[in-house]
Every structure is written in structure tokens, then in C-alpha cells.
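I have placed the structure first, in the form of C-alpha cells, so that the comments after it can refer back to it.
The values are calculated or read from the model by the stated rules, or taken from the named source; none is laboratory data. Quantities reported herein were computed from a predicted structural model and do not represent experimental measurements. Because the Cβ atoms are built from the backbone with ideal geometry, glycine has one as well, and the counts that use them run over all protein chains shown. These area figures cover heavy atoms from the full protein model, side chains too; ligands, DNA and RNA do not enter into them. Shrake-Rupley method; radii C 1.70, N 1.55, O 1.52, S 1.80 Å.
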Amino acid sequence: MILSLETSTSVCSLALHQEGVCLAEQVYNLPKSHATLMPEIIRQLLDNLKVERSALEAIAVSEGPGSYTGLRIGTATGKGLCSALEIPLISINSLDIIIEEMRPIVSDISYIAPMIDARRMEVYTKLVDKKGAEIMDTQAVILSPELFENYVDHPILLVGDGAGKCEGFIDHPHLKIAADIYPRAQCMGILAFQKFNKGSFENLQDFEPNYLKEFHTMPSKNPLGNL
């Protein structure tokens, strides 16, 4: 069994998976409450399923990008459990969690760009095709109307709490936006199970979340312009 902790946004979610199948999930959309909620949610989740902590085989955490505070709390909690139970730590890209949530239900979309709000007119994002092949890797991007100018002939889905910034701003004839979507622990299960089977674990001493940036940075205006 793998316990997944998703804390990269204002939404805090936890889920328990067995061989990639979700047994239960709890979700709380209460900003700045991750630290106080986490211990009690974990206890409730395991108690409701009558699962002892000793039955856990790994802990999966969101590695970022996302909220600095949320990622720090999730990582600290995951490390603490792994150390106490002597089990491995698995990290999952927060944007990949969103992609995993959306990819099975979008058949008419050529590309998916998950977006997590990075404040101002900046988002954390990446771009993949409908099969999940990476077109643009994870990075912080300052939004511009021409961001997807090389893909105007293809339907693109922008999804996540950062996608709402693009409404009426990005110039694209086939743009679809789903802003009220957050990375959820339920969608970490199969990704964590794949890493578990490969033995792809993090070093408890050295692992830090991918904060991506600590201060406001100035990436290129259009990272897709040369593709």
C-alpha cells in the first residue's frame, strides 16, 4: 500500500492506494491549513480503512512545482513517516498529477498544458501531447498572448488554477480552459506504483521539493517559439 500526500496548492489531499488502485481519498480546500490538517487526516484515513501504519510500503509526495509552504509541509510529513516506518519515499511532479487526472477524459484534445498559479502573470507549466509525450518540460512561464502560436491548428487544453489567467488573454482559436482543477492525491496512485515497481525512490536525507523558483524570475517570453 502507498500513502499519497498532495500539497502543492491550496488544496490538501491524501489518498491510499493498493497496486495503483485508490482505496480512499480525503480532500480539503482550506488555504494555509496543511500543517494542522495533515496528521489528523492521515490518522482518519487509515483508521477508516482499518489499515495499520505498518502496512504502508511507501509514501508518495508531490515534488512540485507549486506552493513553497505546501510542498515543504508535505515533504516534511512524508520524510517523517518514511523514517519512522523505514519505507521509501516517492516523489511525483505536480503537473504530471494534473495530466493523469485529465488525460483519460479528453479525446478531442491534441495537447494538454497543466498550469499552477505562480502569482502575477506567471504560471508553472509544461506541455504534453494526448499520449503524454513531453513537448515542453516543467518551467515557470510569464504568460503572453503568443504563448501557443506554433500550435494554432491544434486543440489545446489549459488546466489548473493558473489556467484561469489565460481566459481572453491567450490568442488561440482552439483553446479550452478548465481552471477549477487541482492536483489530487487520488491521481498519484498509478504514477507512484510505477515508480515503486522500478525502485525509483528518493534519498530521505537529500530530497527537496522542486520549488522551481524562490524569487521572481524572467524566463524567455515564449519558450515554445523555437519548437
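For the structure I just gave you, tell me whether LEU175 is in contact (Cβ under 8 Å) with a residue 60 or more places away in the chain and either over 14 Å from the mean Cα position of the chain (by Cα) or within 18 Å of ILE105 (Cβ to Cβ) (or both). Give the derivation first.
Details: in contact (Cβ under 8 Å) with a residue 60 or more places away in the chain: no; either over 14 Å from the mean Cα position of the chain (by Cα) or within 18 Å of ILE105 (Cβ to Cβ) (or both): yes.
Against the criterion (in contact (Cβ under 8 Å) with a residue 60 or more places away in the chain and either over 14 Å from the mean Cα position of the chain (by Cα) or within 18 Å of ILE105 (Cβ to Cβ) (or both)), LEU175 does not qualify.
When the range 14-50 is filtered for residues that are crowded, with 21+ Cβ neighbours inside 10 Å and modelled with pLDDT of 95 or more, the ones remaining, listed by number, are LEU14, ALA15, LEU16, HIS17. The residue list ILE42, ILE99, ILE73, ILE109 contains one member that is assigned to a helix (DSSP H, G or I) and over 16 Å from LEU3 (Cβ atoms), which is ILE99. A count restricted to the range 115-137 and to residues that are among the hydroxyl-bearing types (Ser, Thr, Tyr) and touching a residue at least 60 places away in the same chain (Cβ under 8 Å) stands at 1.
Just one residue in the set CYS22, CYS82 is more than 20 Å from the chain's Cα centre (by Cα) and in contact (Cβ under 8 Å) with a residue 60 or more places away in the chain; that residue is CYS82. Residues in the range 144-160 that are open to solvent by 10 Å² or more (accessible area, probe 1.4 Å) and over 18 Å from VAL106 (Cβ atoms): PRO145, GLU146, GLU149, ASN150, VAL152.
Residues in the range 85-116 that are under 12 Å from the mean Cα position of the chain (by Cα) and either on the phi > 0 side of the Ramachandran plot or open to solvent by 40 Å² or more (accessible area, probe 1.4 Å) (or both): 3 in all.
Screening the range 178-227 for residues that are among the basic types (Lys, Arg) and either open to solvent by 70 Å² or more (accessible area, probe 1.4 Å) or at pLDDT 95 or above (or both) and picking the one that is farthest from VAL141 (Cα to Cα) gives LYS198.
Could we say that HIS172 is under 20 Å from VAL123 (Cα atoms) and either in contact with a strand residue (DSSP E or B) (Cβ under 8 Å, 6 or more places away or on another chain) or crowded, with 16+ Cβ neighbours inside 10 Å (or both) here? Write out each step before concluding.
On the way: under 20 Å from VAL123 (Cα atoms): yes; either in contact with a strand residue (DSSP E or B) (Cβ under 8 Å, 6 or more places away or on another chain) or crowded, with 16+ Cβ neighbours inside 10 Å (or both): yes.
The answer is yes for HIS172.
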